[in-house]
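Heads up, the thing below is written out as structure tokens.
The values are calculated or read from the model by the stated rules, or taken from the named source; none is laboratory data. Quick caveat, the model's predicted, so the values are computed rather than measured. No Cβ is skipped: glycine too gets one built from the backbone with ideal geometry, and neighbour counts run over all protein chains shown.
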Amino acid sequence: MSSQAHAGSGKVTVPDILSRKSGSFRQKITSITAYDYPTARLLDAAGVDILLVGDSLGMVVLGYDSTLPVTVEDMIHHTRAVRRGTRRALVVTDMPYGSFHVSLDESVRNAVRLVKEGAEAVKVEGGERRIELIARLVEAEIPVMGHVGLTPQSVNALGGFRVQGKTGDAARQVERDARAVEAAGAFAVVLEAVPREVAAAITEQLRVPTIGIGAGPDCDGQVMVFHDLVEYGTEHRPKFARPYGNLSAEISRAAAEYCEDVRSGRFPSDAESYHQVARAPDEIALNSGSDPRRRLP
Ligand code: KIV
């Protein structure tokens, strides 16, 4: 079966994602972040397997300088929009910073809210420290995607957005984290900003798929932030992001051309204007307040 044929088939489920690594039909998993309805529709129709409502929306959509200010309400707002635009892809929503750090009960409550609003699985940042939480969520029938390596919610503890696992000890810690997340019941693990060799070793060890971002080509799938994929309003391109389009240039061009046309009188044209129906001038004056033919189409 060609990759195109598989991309066009039915709804993607959690068991489908698992079977991409261990089933009879093996294929790399594709994931892109999505935060709104039109983007979700386009990405879904293009055959993306997983739409990730990432808390990266705090940075690329809301303009914060980290993901830390993002709230559960923000995630719900964007999850609803993405879910409305999705037919085939699996919708996974990030649990934002603070939503799973206070108590296990509150964490489960927050995850349940995300599921009720359209998430089909949640993503949780962190490794060994999240074993209990992941097990509780799985027990509550909520599929969990793990996320280890560079975890942006730990930016203050890590001292910045830095590659993780570069030395022997650090690499072993990332491996322990990935194994812990799998053992706790996660159905997939995001590996962010780790050396290719470390990601390849983890991918070989785990039964569940690894999904890389800045983790080299040997992972079982790849995820990219939508705004990096299409160069949309981003000021800095990470080394691992490959742009497949340039929306910033296209939006700037369109907006500048529109302003020019409005100022010069070229927009709108007569063809872009409404016209009265042809009637005698005295009839127009008499009936102008009540004639239903004067309603806008
Ligand atoms: O929030 C996000 O977009 C993510 C991806 C970078 C994996 O967590």
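Beta carbons closer than 9 Å, at least 6 apart along the sequence or on distinct chains, never pair a first residue in segment 71-95 that is under 11 Å from D36 (Cβ atoms) with a second that is of a type in the set (A, V, I, L, M) and modelled with pLDDT under 95.
The one condition from (1) crowded, with 17+ Cβ neighbours inside 10 Å; (2) out of contact with any helix residue (DSSP H, G or I) (no Cβ under 6 Å at 6 or more places or on another chain); (3) not small (G, A, S) that T86 does not meet is (2).
Scanning segment 60-70 for residues that are assigned to a loop (DSSP other than H, G, I, E, B) and either in contact (Cβ under 8 Å) with a residue 12 or more places away in the chain or not charged (D, E, K, R) (or both) turns up V61, L62, G63, Y64, S66, T67, L68, P69, V70.
Taken over segment 7-18, the residue count meeting the criterion of being modelled with pLDDT of 95 or more and surrounded by 15 or more Cβ atoms within 10 Å (Cβ to Cβ) is 5. Here G245 passes the criteria (1) exposed (fewer than 13 other Cβ atoms within 10 Å of the Cβ); (2) assigned by TED's automatic domain parsing to the domain that holds V60; (3) of a type outside the set (V, I, T) except the one numbered (2). Of the numbered criteria (1) more than 14 Å from the ligand (Cβ to nearest atom); (2) within 24 Å of I32 (Cβ to Cβ), the one R179 fails is (2). Does M59 meet the test of being over 12 Å from the mean Cα position of the chain (by Cα) and within 12 Å of the ligand (Cβ to nearest atom)? Yes; evaluated as a whole, the condition is true for this residue.
Against the test of being assigned to a loop (DSSP other than H, G, I, E, B), free of Cβ contacts under 8 Å to residues at least 24 places away in the same chain and either out of contact with any strand residue (DSSP E or B) (no Cβ under 7 Å at 6 or more places or on another chain) or over 30 Å from L133 (Cα atoms) (or both), the options S252, S248, S269 yield a single qualifying residue, S269. With respect to D94, is the statement that it is within 30 Å of D16 (Cβ to Cβ), among the charged types (D, E, K, R) and surrounded by 22 or more Cβ atoms within 10 Å (Cβ to Cβ) true? Yes; evaluated as a whole, the condition is true for this residue. For segment 83-136, the set of residues classified as within 23 Å of G10 (Cα to Cα), among the aliphatic types (A, V, I, L, M) and in contact with a Leu (Cβ under 6 Å, 6 or more places away or on another chain) consists of A89, V91, V92, V122, listed by residue number. Within segment 209-226, restricting attention to residues that are under 20 Å from the mean Cα position of the chain (by Cα) and farther than 20 Å from G47 by Cβ, the residue that is nearest to the ligand (Cβ to nearest atom) is G214.
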